[in-house]
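Visitor: I have a structure I would like to understand better, so I am pasting it below and will then ask my questions one at a time.
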Amino acid sequence: MTKAPAIRSLAPVLLFAAAYAVIAVVVTNSYYQLMLTLVLLWACFGLSWNLLSGYTGLVSFGHAAFFGIGAYTAALGQIHLDLSPWLLIPAAGVFGGLAGLLIGVPTFRLRSHYFALAMLAYPLALYYVFEWLGYQEVTLPMKRENAAAYMQFADPRIYTLLALALLVGVVLLTLLIERSRFGMALLAIKQNEAAAEAAGIDTLAWKLRAIALSGAVAGAVGAFYAVVQLVVTPVAVFGMLVSAQALTVTMFGGVGTVWGPVIGAATLIPVAEILHAELGARFPGIQGVIYGMAIVVVILLAPEGIFWKVRDFLRRRRPAEATPLPQAAPAPAPAAPARSDRAGAVILEVRGLSRSFGGLRAVQDVSFAVREGEILGIIGPNGAGKTTAFNLLNGFLRPDAGEVLLDGRDMVGRKPHVLCRAGVGRTFQVMRPFARMTVADNVVVGAYVRAASDAEARMLADDAIARVGLTAVAGRLAAELTTRELRLMELARALAGRPRILLLDETLAGLGPAEAADVVAAIRRLAADGITIVIIEHTMHAMVRLVDRFVVLDHGAVLVEGAPETVTRDPRVIEAYLGRKWAAHAAG
């Protein structure tokens, strides 16, 4: 990021901090001063939740675990060790981060609602543990003789200013993450984890980093909360309402953005606190009602939160930019030369590959070799095992038997991101774009596997985008692209990692004849540049002019293998896949 955009992105943060500081100094009522402080703390807590759930899509109902650990670290550290909160707040961050790692290692094995429910168990368990230990109510000792060292200020405005400094720090940290490889990896995981793995992202490692950082921020916020309130109870720091507040302020304001938790906290916390003060005696638990109503309103009116609703509205109101005319595709490459002229040493060898699902043998003893520089087509009827074979080749499935040798090394059992680093790129039959990211950012995600820096990743992405002819739309969101552009973008994303072999799963699916011709031309150019390609495709008229060799699968087994002119005339292939009309057309 250049200096000018960096300054522009910091300007709203600095303006917000300055305005809030003025309000904090002007307001002298202790109750409203406490509310101003709580808004900032819950915004920080929402940002900590956002670092995990907002950017990865893994919803956590258990962030109170980290918050409570931080609160009890501050309270017990001062009571038993007489330590200053200036030391205990950073220590609480360390303990929160370690708790995140300990929780993440087993829990990230789960998906969707199973992950959310598992996370809910941790604060509940800690709630009962701390009650059993006798810490039902822990009061921080008063230190009037050295108040500043123990953060026991007579003027509550100082707490607000300190909380504001904490919020600014967390916001800047989040902005830094958003614009880095870290943030791009998390957003890719959120929008399509399988595509992120195929692009070379070690999803487990990045999720562990996210939960550790998220836990660290939540722990520090919990410690500061204990210092402000001077009393800690299990229900106040581990209770359901604590996790609900983090989730609600973020969902209300906008998930996956810096300003979402700030908007949510500034809106909901004052309303909830005022209603609790005015009506809490007559209507116990009214805060929970407010948060529940906020979630319902957001789900109905702005499912992604106020920030995204407003941003999308403003985008629609802008005058539509003139869409540049598509760049003329380079002239199609000539028909593939004979194998002896182009194919080199064996780069990928498959031996006896088999995989069953229950009683169904999806892939049966499949063997073939792919030579460097060739285009191998895998064809066969629906259900023949083609996509299953691809998933076995790049690590999404583990075979029951057989070997997958890349440059002579058996890669069975390696995860997709490991195979991507080894030089295996992949596209999918069902397109898997990162819809909320631009074309350029989608492709940058694929480039990180080969790039040592953000600048190098951008350079590799720009080159890949140019090679498939999408430079004119590089700044558009993937959600706005046509099917042809999405297919080319996925090709560019796989290409950006500089693969030695590309696995293309029905890249022409959903395309008209002219669009398919553009994609075929792009594939030919890649093959001419020396990239080895294995392609699954049903568009036989394009395939026979594109590939060097066919492997035909039927009922999970290799039916026949050979040159296009031989395979398409084979009676077994005609019977099993091509049909009599193809044979009659070919003869004509």
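Visitor: Based on other C-beta atoms within 10 Å, arrange 427, 438 from fewest to most.
Guide: Fewest-to-most Cβ neighbours within 10 Å comes out as 438, 427.
Visitor: Sticking with this one: For the chain, take the longest principal axis of its alpha carbons; what is the angle in degrees between that and the long axis of helix 157-178, to the nearest 10 within 0 to 90?
Guide: Helix 157-178 sits roughly 10 degrees off the main axis of the chain.
Visitor: Can you give me the relative contact order of region 13-316 as a percent, contacts being Cα pairs under 8 Å and 6 or more apart?
Guide: 33
Visitor: Net charge around residue 401, counting only other residues with Cβ within less than 14 Å of its Cβ (Lys, Arg = +1; Asp, Glu = -1)?
Guide: 0
Visitor: Also: If each residue's Cβ is checked for other Cβ atoms within 10 Å, how do 356, 60 rank with the fewest at the top?
Guide: 356, 60
Visitor: Which net charge results when you count Lys and Arg as +1 and Asp and Glu as -1 among the other residues whose beta-carbon is under 14 Å from that of residue 72?
Guide: -2
Visitor: Shifting gears a bit: How high is the FRET efficiency from residue 176 to residue 310, r the C-beta distance, R0 25 Å, rounded to 0.05?
Guide: 0.55
Visitor: What is the extension gain from residue 498 to residue 436, computed as 0.36 nm multiplied by their sequence separation minus the C-alpha to C-alpha distance, in nm to one decimal?
Guide: Taking 0.36 nm per residue and subtracting the Cα distance, the gain is 19.9 nm.
Visitor: Tell me the relative contact order for the chain as a rounded percent, counting alpha carbon contacts under 8 Å between residues six or more apart.
Guide: Over the chain, the number comes to 16 percent.
Visitor: Evaluate the relative contact order of region 341-587 (contact order divided by residue number), counting alpha-carbon pairs under 8 angstrom at least 6 apart; express in whole percent.
Guide: About 25 percent, as a whole number.
Visitor: Counting helices only, and only those DSSP H runs with n ≥ 4, report the 222 nm mean residue ellipticity of the chain as the sum of -39,500 (n - 2.57) divided by its residues, in deg cm²/dmol to the nearest 500.
Guide: Helix-only estimate at 222 nm: -18000 deg cm²/dmol.
Visitor: Another question about this same structure. What's the local net charge at residue 237, with K and R +1, D and E -1, over the other residues with C-beta under 15 Å away?
Guide: Its environment carries a net charge of -2.
Read-outs throughout are calculated quantities, based only on the coordinates presented, and are distinct from any laboratory measurement. The structure presented is a predicted model; accordingly, all values stated were derived computationally and were not measured. As a convention, Cβ positions derive from the backbone with ideal geometry for all residues, glycine included, and neighbour counts pool all protein chains shown.
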